[in-house]
1. Anyone know which of GLY72, GLY84, GLY157 comes out most mobile in the 10 Å Cα GNM of the chain?
2. Modelling each spin label as a point 7 Å along the Cα-to-Cβ direction, I'd like the ARG318/ASN274 distance in nm, to one decimal.
3. Which residue fluctuates most in the GNM of the chain (Cα springs below 10 Å): TYR184, TYR287, TYR346?
4. Express in nm, to one decimal, how much length is gained between GLU45 and ARG225 on full extension, taking 0.36 nm for each residue of separation and deducting their alpha carbon distance.
5. Hey, got the dipole for region 56-121? About the Cα centre, +1 on K and R Cβ, -1 on D and E Cβ, debye to the nearest 20?
6. Give, rounded to the nearest 20 debye, the magnitude of the charge dipole that region 149-203 has about its Cα centre when Lys and Arg contribute +1 at Cβ and Asp and Glu contribute -1 at Cβ.
7. Using DSSP to define loop residues, name the trypsin sites (Lys or Arg not before Pro) in region 164-195 whose beta-carbon has at most 10 other beta-carbon atoms within 10 Å.
8. Which residue fluctuates the most in the chain, going by a Gaussian network model with Cα springs under 10 Å, if the choices are VAL79, VAL351, VAL63?
Amino acid sequence: MPDDLPPDGPESPWDAMAQADPRDLPPGPIIVNMQHERHQRAEAEGKRVSRFFAAATLTGREVPDRQWLVRGMIPSGTVTLLSGDGGTGKSLIALQLAAACALGRHWIGRGVAPGEAMFISAEDDEPELHRRLADVIEAEGIGFEDLDRLTLRSLAGEDALLTALDARTGIQKATALFREIDHYLADLRPAVLVLDTLADLFPGNENDRGQARQFIGMLRGLAIRHSCAVVLLAHPSLSGIQSGTGMSGSTGWHNSVRSRLYLRRVIQGDEEPNPDARVLATMKANYGPTGDEIALTWRNGIFEADPAETGLDRMAKRSRADRVFLKLLRMLTEQGRHVNANSGPYYAPTVFAAEEDAEGVTRDAFKAAMSRLFGQGVIRNAEIMRGRKPVNVIQEVE
């Protein structure tokens, strides 16, 4: 025991110090050492150790680095929610993540912490997992024997619930499956656990905030106990798809996780120009920036990140969007088909994107071009008569 601590024993002053007025206690270092010593003694005696601690006990400790599975996107020791509507490929991209972790390789262009990985699917059977992994290993130029650090489990056709809900109290308890996974993780010590999908694993009402938070809390317990990232896959609601948020059910899901990703299709107006194109967006990141997007394309059975766009590429796209916007504005004005800057059937970006002469410029690109052209004074709002009703339209400034 350090020299500046009071002696321990039957007549130790520890308890008296613990009950004393803080203003009468010795300087900080003595209190820090006292609490640490009491904590160690209680553990040695098999007593329950309080989880409460004084901030002063952090004195002299090195501030721990934040641990990531994928830096800026998927933190370790907590739960990340990955949503995507049916058929977008969220199960595939999550399987690629688990494989990248097991192999110590990059995932869609991002570095991944290497380690053991576990992928549990309640949707895909073993043959489907086999087929998907065959595409992954072919793309990586390896064999199945190289995936010895990837553990798979298919729950397709089984009772896949991780918790049992007491309808009377609203309390969820771990099922035998949850406990089995917990014990397996203790031996495996993986860097990532992927759970596919929420609808099969959760027994409650997705619109109940309390149930959502409780379920995420139990999964976070797994993440903390086993120092791993838990990635939970989910389907967004119809409104979540339409709004572009990827949300589903209660906001408790979004609020409870520390990171939320959304895999979505690339839609322009009512069309999907490239059915193989996807965007993986960071919708929430408690420990990093939101708004990050990765453009992806499905090729040969897997998703690959598209080449990063350079500053010159962006300038060229903006210049083309501005040029095509003005070209179409002139053409439609000559035809008497006036457009406006408001929403509705005559909204310029929507109308222009549907034209054959749009040259591949998207609705969003036309929207950005319209904003720039207004700001530069190249176009303006004007009032014309449509029948007997005055309406606002966009006109080019002469």
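The values are calculated or read from the model by the stated rules, or taken from the named source; none is laboratory data. These figures come from a predicted structure and were not determined experimentally. Virtual Cβ from ideal backbone geometry, glycine too; neighbours counted across all protein chains shown. The area values use the complete protein model at the heavy-atom level, side chains included, leaving out ligands, DNA and RNA. Shrake-Rupley method; radii C 1.70, N 1.55, O 1.52, S 1.80 Å.
1. GLY157
2. It is 2.2 nm.
3. In this elastic network of the chain, the residue with the biggest mean-square fluctuation among TYR184, TYR287, TYR346 is TYR346.
4. Working: separation 180, 0.36 × 180 = 64.80 nm, distance 2.28 nm.
Stretched fully, the GLU45-ARG225 segment lengthens by 62.5 nm.
5. So the dipole magnitude of region 56-121 works out to roughly 120 debye.
6. Details: 6 positive and 8 negative charges, 37 e Å.
The dipole of region 149-203 has a size of about 180 debye.
7. Passing sites in region 164-195 are ARG168.
8. VAL63
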